[in-house]
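What follows is calculated from the coordinates using simple rules that are stated; it is not laboratory data. This is a predicted model, so every value here is computed, not measured. Using ideal geometry, Cβ is built from the backbone for each residue, glycine included, and neighbour counts are taken over all protein chains shown.
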Amino acid sequence: MTLLGLPLDGQVAVVTGGSRGIGRAIALALSEAGARVVVNYQHNKTGAAEVSGLINGRGGRAMPYGADVCVPADVGTMIAATLQRWQRVDILINNAGVTRDAPFARMRDDQWHSVLEIDLTSAFVCVQAVLPAMQQQGYGRIVNVASLAGVAGNVGQVNYAAAKAGLIALTKDLARELAPSGITVNAVAPGYIETDMIGVVPRRHLAWALQAIPVGRFGSPEEVASAVRFLALPEASYINGHTLVVDGGWVMP
Ligand code: NAP
């Protein structure tokens with residue numbers, strides 16, 4: 001038996017899009033580090049309930065919560081429920097995201113606007129919702145899940161690349177604005193990770209990408225989650241406004 005507690009003991013985390021993929025792995029990783037976790041979902045109630053059940057079954061504490069991260073009223077209700085249940089919110093992981101790929105010349109307005117809304121505006125909405133609580137606590141960790149596409153661009157993803165680049169810029173701006181309140185804001189930028197999201201990427205594109213990745217494989221959700229967990233720890237206190245690329249060495253500046 002150890003006398004030392006877990007690093008996130010007593011803390012509360014909200015993980016958007018926690019029902020599957022990378023968000024699921026983040027919810028589990030934060031819980032293993034001691035946090036109580038709100039597992040947000042939009043449609044996949046079963047997935048979020050499964051993740052929460054797994055955490056609660058292991059002796060952690062989690063609650064699934066359905067909310068569209070683009071809708072301020074939904075997000076406000078989710079954060080109010082979090083505060084009512086656990087009285088604080090220390091960590092916000094803006095992970096929910098989608099792709100709607102098409103070559104630029106054929107991209108429709110709805111593909112452009114929906115991706116900007118879900119992958120970028122959602123972070124604005126969610127940070128606004130948690131900010132009063134974090135400022136009152138004088139402490140917070142916000143981690144935004146961006147993408148390598150937002151760093152380097154990616155053919156067929158002008159909407160997604162623009163949204164994720166915007167998310168990186170939002171990260172840097174908020175890192176400056178919120179640091180005086182004891183809140184750090186960072187991002188992770190994953191390369192290709194084995195989730196539902198890459199199921200729609202053409203096979204020949206994945207084969208091309210694979211031969212360019214030095215470690216010779218795509219990443220796992222758990223490998224992204226460990227980077228997110230690190231940035232969410234109290235000890236990451238002097239890392240602020242940073243984008244941590246998690247891509248097996250694919251793109252090196
Ligand atoms: P995924 O398996 O497709 O899961 C997406 C998650 O986002 C789901 O939990 C989904 O909820 C949620 N979501 C989507 N729209 C939402 C909304 N309006 N409100 C609330 N939740 C919403 O994707 P993933 O691969 O885990 O991606 C997670 C994040 O990593 C995204 O931001 C993505 O852009 C980023 N990323 C992924 C990769 C990759 O290769 N996989 C690479 C770079 C970055 P439901 O299950 O309820 O629908």
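Relative contact order for region 1-128 using alpha-carbon pairs under 8 Å, separation at least 6, rounded to a whole percent? Don't skip to the end; give the middle numbers.
Working: 217 pairs, mean separation 31.8, N = 128.
Relative contact order, region 1-128: 25 percent.
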Relative to the chain, whose Cα atoms define the longest principal axis, helix 45-57 and its Cα axis are tilted in degrees, nearest 10, by 50
Whole-Å distance linking the alpha carbon centroid of region 113-158 with that of region 26-80 is 17
Between the modelled labels at Arg203 and Ala73 (7 Å from Cα along Cα→Cβ) the distance in nm is 4.6
Here the longest stretch of the chain that holds no trypsin sites (Lys or Arg not before Pro) in a DSSP loop having at most 12 other beta carbon atoms within 10 Å is 109-216
Output ordering of 112-121, 70-79 (per-residue mean of other Cβ within 10 Å, highest first) is 112-121, 70-79
For the chain, the dipole about the Cα centre with charges only on Cβ (Lys and Arg +1, Asp and Glu -1), to the nearest 20 debye, works out at 200
If every Lys and Arg gets +1 and every Asp and Glu gets -1 at its Cβ, then about the Cα centre region 113-190 yields a dipole, in debye to the nearest 20, of 160
Rounded to the nearest 10, the angle in degrees between the Cα long axis of helix 21-32 and the longest principal axis of the Cα atoms of the chain comes to 30
Length gained if Leu54 through Ala179 is fully extended, taking 0.36 nm per residue and subtracting the Cα-Cα distance, is 41.6 nm
Taking a ≥ b ≥ c as the square roots of the eigenvalues of the Cα gyration tensor, with a/c under 1.5 meaning rounded and otherwise prolate when a/b exceeds b/c and oblate if not, region 87-182 is prolate
Extend 7 Å from the Cα of Lys172 along its Cα-to-C-beta direction; within region 236-253, residues with backbone N under 17 Å of that point are 239-245, 253
With label points set 7 Å from each Cα along the Cα-to-Cβ direction at Leu116 and Gln135, the distance between them in nm comes to 2.7
Two pseudo-spin positions, 7 Å from Cα along C-beta at Glu194 and at Arg217, lie apart in nanometres by 0.6
